[in-house]
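Just below is one structure, and these are the notes that go with it.
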Amino acid sequence: MAHAWNHCPNCAAPLALIAAAEDGGEVERLRCAACGFTHWNNPTPVLAAIVEYRGQVLLARNAAWTGRMFALITGFMEAGESPEAGIAREVKEETNLDASAIDLVGVWDFQRMNQVIIAYHVVADGEVSLSPELAEYKLYDLADVRCWPSGTGHALAKWLRSRGHEPQFIEFPKQG
């Protein structure tokens, strides 16, 4: 994966892939030869909500996406908040719904984006009003929800199984 860091944020010297001894042995990372800064490039935690609204699953389409893909409500944790508080905040910000119950579904890696997804089932109440970040939403009966074969789609599939529904997956076109 290409990196976006070219210069040290401490001294502005160029960064380079340099091997150095760490707890697990020698590891190559972007480092500054001048001041010793290391860019760790650790995965970012992303929160995802399987929103249950009036007995159905709410999926939304991001305004920046081309096509008609609908997905879970997601967002980044803020410093100083718990994952549960963060997902309640994201659901409120993006849909105007209030979380009345929040249960962990699981944790998945999403290496393509260098993220770790923390997925929750969120029972939500209120009246839907989307943020400008979202273009539209759809409500699905559990039997009609289609999962996608990556990231948050696996969380949705696990949750559907826990509710007695065998998930159906959409197929993405092959790239290349």
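Only one entry of A13, A20 meets the criterion of being exposed (fewer than 12 other Cβ atoms within 10 Å of the Cβ) and of a type in the set (A, V, I, L, M, F, W, C), and that entry is A20. Of the strands (runs of 3 or more DSSP E) lying entirely inside the stretch 15-58, those carrying at least 3 residues that are at pLDDT 95 or above and under 22 Å from P83 (Cα atoms) are 44-53. Residue count for the stretch 45-74 satisfying the condition of being of a type in the set (A, V, I, L, M) and loosely packed, with under 15 Cβ neighbours inside 10 Å: 3.
For the stretch 85-132, which positions are among the acidic types (D, E), within 15 Å of the chain's Cα centre (by Cα) and surrounded by fewer than 17 Cβ atoms within 10 Å (Cβ to Cβ)? Of everything in the stretch 85-132, just one residue is among the acidic types (D, E), within 15 Å of the chain's Cα centre (by Cα) and surrounded by fewer than 17 Cβ atoms within 10 Å (Cβ to Cβ), namely D109. Of all residues in the stretch 1-44, those satisfying the criterion of being over 22 Å from N114 (Cα atoms) and touching a His at 6+ places or on another chain (Cβ under 8 Å) are A13, P14.
Taken over the stretch 145-166, the criterion of being touching a residue at least 12 places away in the same chain (Cβ under 8 Å) and either over 19 Å from L104 (Cα atoms) or outside the structural domain of A60 (by TED's automatic domain parsing) (or both) is satisfied by V145, R146, W148, P149.
Number of residues in the stretch 75-84 that are surrounded by fewer than 13 Cβ atoms within 10 Å (Cβ to Cβ) and assigned to a helix (DSSP H, G or I) equals 0.
Kindly establish whether S131 is modelled with pLDDT of 95 or more, farther than 30 Å from H39 by Cα and in contact with a helix residue (DSSP H, G or I) (Cβ under 7 Å, 6 or more places away or on another chain).
Yes.
Does V123 satisfy being assigned to a strand (DSSP E or B), closer than 16 Å to R163 by Cα and touching a residue at least 60 places away in the same chain (Cβ under 8 Å)? For V123, the condition - assigned to a strand (DSSP E or B), closer than 16 Å to R163 by Cα and touching a residue at least 60 places away in the same chain (Cβ under 8 Å) - is met. Within the stretch 81-100, residues that are without any contact (Cβ under 8 Å) to a residue 12 or more places away in the chain have Cβ atoms under 9 Å from residues that are of a type in the set (K, R) and outside any loop (DSSP other than H, G, I, E, B) in these pairs: E81/R89, counting only partners at least 6 apart in sequence or on another chain.
The values are calculated or read from the model by the stated rules, or taken from the named source; none is laboratory data. None of the values given here were measured: they were computed from a predicted structure. FYI the Cβ positions are ideal-geometry reconstructions off the backbone, even for glycines, and counts take in every protein chain you see.
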